[in-house]
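Everything below concerns the one structure shown next.
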Amino acid sequence: MVRRRTAELITRVRLAGIAGAPDTITWMATMEFDWSVIVDATPALLGGARLTILITLVGLVGGLAVGFVAGLMRAYGGRFLSAFAFTYIELIRGTPIVVQVMFIYFALPVLADIRVNPMTAAMTAIVVNAGAYIAEIVRGSFLSVHKGLKEAGLALGLPMWKVLLYIIGPVAFRRMIPPLGNQFIVSLKDTSLFIVIGVGELTRQGQEIMAANFRAVEIWTAVAILYLLMTGTLTLILRITEKRMRML
Amino acid sequence: MSLVRLSKVTKTFGTVVVLQEVDLSIEAGEVVVLVGPSGSGKSTLLRCINALEPINGGDLVVDNISVRAGRSQIRAIRQEAGMVFQQFNLFPQMTALENVAFGPRHVRGCSKVDAIAQAQALLEKVGLADRGHHFPSELSGGQQQRVAIARALAVKPKLMLFDEPTSALDPELRHEVLRVMQSLAEEGMTMIVVTHEMAFARQVGTRMIFMEDGKISVDGNPTSLLGNPENQRLREFLQHVH
């Protein structure tokens with residue numbers, strides 16, 4: 001069916017090129033943007049977007065926690081902790097997220113008899129994946145803080161954890177916001193890859209509707225706009241956070 | 001009992017020997033001016049005293065605590081030895097008042113109200129009573145350094161270490177910092193000052209130490225050393241500084 005439509009389209013475009021205006025008009029007519037398709041698809045797409053947001057939120061909160069721990073282990077941990085975090089980061093950064101989620105969903109049951117539903121697999125994948133990238137962001141920002149501040153804190157007689165928490169942390173956090181924003185947006189869009197394990201997120205919903213009505217233009221436009229709305233909101237939140245903080 | 005006692009302290013960075021078996025005792029109330037060419041080890045000596053740099057050999061005892069003791073003992077040393085840095089190193093996310101109140105609050109366990117009252121009094125002492133709500137980036141270098149002195153004093157140390165406190169300042173801003181240091185010395189604070197300010201050494205110092213190549217080569221009274229330096233290297237050094 002799809003193939004036939006494509007062939008038809010190609011023929012028409014070709015004819016339009018040779019024969020001129022009348023055929024072009026017929027071709028345009030078949031491409032008419034049908035708003036009713038979007039109206040019908042909206043509930044399903046919004047449902048998908050809701051799942052996308054849910055996976056992203058859980059993923060980012062978890063990813064931040066994992067990232068902070070792993071990043072601080074890399075920056076300030078001893079040889080063992082640092083090597084441990086390094087291995088985790090390299091393992092995750094070195095493999096595609098699709099492979100990671102497939103591993104969690106299909107390989108873990110076989111390997112360790114751990115069975116998870118698609119949603120749990122998806123959330124775990126984002127946490128683990130975002131965590132590795134955020135770890136490097138955290139490490140970089142903490143280490144970029146002038147070492148005089150650390151010394152000033154230690155010279156007061158503070159323990160190292162207080163120096164990290166009260167002195168270096170707040171300065172580093174401000175520097176983290178732009179790269180964290182990047183990672184948040186990447187993670188949000190990466191949820192679309194969970195189509196491979198059948199999670200009903202936005203892209204999957206779009207794909208399913210498209211398979212039923214073949215309205216590719218309408219559906220993928222709607223899906224793209226929904227993603228833009230979500231990433232736009234994220235950007236806005238980060239922009240506001242950044243503005244409210246004095247850069248140091 | 002000396003407040004600071006170094007016995008055969010050795011410090012190396014890789015293969016470079018920065019301090020070579022240094023012996024030194026400093027009594028409470030002394031104002032020691034540490035001078036010497038760059039790379040002679042004077043800053044490193046200062047940083048070893050509050051354990052910002054670990055020593056490689058010998059022993060260094062501050063207020064009866066060795067820098068070789070455990071972590072909590074090292075923190076105790078640092079609470080007794082306030083440090084003022086060349087680059088001020090104020091906490092940029094805190095106002096001047098918060099910078100000064102931070103130590104008492106988190107190191108001495110003061111209540112917030114007490115810490116702020118103390119901090120206000122210290123800012124007054126360094127002549128910055130009206131600058132408490134300013135962030136470091138809104139203060140001049142001289143003001144920042146005075147806040148840094150107040151911050152170090154807030155922890156109530158027995159000893160103050162100054163690592164080239166005026167080197168990053170414009171000449172006209174130096175005197176305001178030196179004046180604060182002078183009044184501190186007059187109150188009887190024990191001080192070790194790495195500096196190139198020979199006028200300060202003469203007026204305020206009770207003892208002057210000249211270091212070269214990781215060793216103390218001259219140790220004596222600042223007035224007589226500056227008036228009539230017998231050591232050839234010190235004489236040359238002083239000619240370059242003046």
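Picking from B:Arg174, B:Arg105, B:Arg146, B:Arg151, which residue would you name as being without any contact (Cβ under 8 Å) to a residue 40 or more places away in the chain, closer than 17 Å to A:Ala155 by Cα, buried (at least 16 other Cβ atoms within 10 Å of the Cβ) and within 20 Å of the chain's Cα centre (by Cα)?
Exactly one of B:Arg174, B:Arg105, B:Arg146, B:Arg151 is without any contact (Cβ under 8 Å) to a residue 40 or more places away in the chain, closer than 17 Å to A:Ala155 by Cα, buried (at least 16 other Cβ atoms within 10 Å of the Cβ) and within 20 Å of the chain's Cα centre (by Cα), namely B:Arg146.
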Would you confirm whether any residue within the stretch A:203-223 is among the polar types (S, T, N, Q), in contact (Cβ under 8 Å) with a residue 40 or more places away in the chain, closer than 29 Å to A:Ile53 by Cβ and buried (at least 19 other Cβ atoms within 10 Å of the Cβ)? yes
How about the stretch B:86-107: which of its residues are more than 7 Å from chain A (Cβ to nearest Cβ) and either of a type in the set (Lys, Arg) or assigned to a loop (DSSP other than H, G, I, E, B) (or both)? B:Gln86, B:Phe88, B:Leu90, B:Met94, B:Thr95, B:Arg105
Of the criteria (1) touching a residue at least 60 places away in the same chain (Cβ under 8 Å); (2) closer than 23 Å to B:Lys156 by Cβ; (3) assigned to a strand (DSSP E or B); (4) more than 9 Å from every other protein chain (Cβ to nearest Cβ), which one B:Met83 fails: (4)
Selection count, the stretch B:9-44, where residues are out of contact with any Leu (no Cβ under 7 Å at 6 or more places or on another chain) and farther than 25 Å from B:Asn221 by Cβ: 8
Across the stretch A:151-209, which residue is nearest to the chain's Cα centre (by Cα) among those that are among the basic types (Lys, Arg) and at the interface with chain B (Cβ under 9 Å from one of its Cβ atoms)? A:Arg174
Scan the stretch B:189-200 and tell me whether some residue there is over 23 Å from B:Asn50 (Cα atoms) and either within 14 Å of another protein chain (Cβ to nearest Cβ) or surrounded by fewer than 23 Cβ atoms within 10 Å (Cβ to Cβ) (or both). yes
Tell me whether the stretch B:42-51 contains one or more residues that are surrounded by fewer than 20 Cβ atoms within 10 Å (Cβ to Cβ) and either facing another protein chain (nearest Cβ under 8 Å) or in a loop (DSSP other than H, G, I, E, B) (or both). no
Every listed condition ((1) closer than 26 Å to B:Gln232 by Cβ; (2) outside any loop (DSSP other than H, G, I, E, B); (3) of a type outside the set (D, E, K, R)) holds for B:Gly39 save (2)
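Any read-out appearing in this document is the output of simple, stated calculations on the displayed coordinates, not a laboratory observation. Keep in mind the model is a prediction, meaning the values are calculated, not measured. Reconstructed Cβ throughout: ideal geometry from the backbone, glycine too, with neighbour counts over all protein chains shown.
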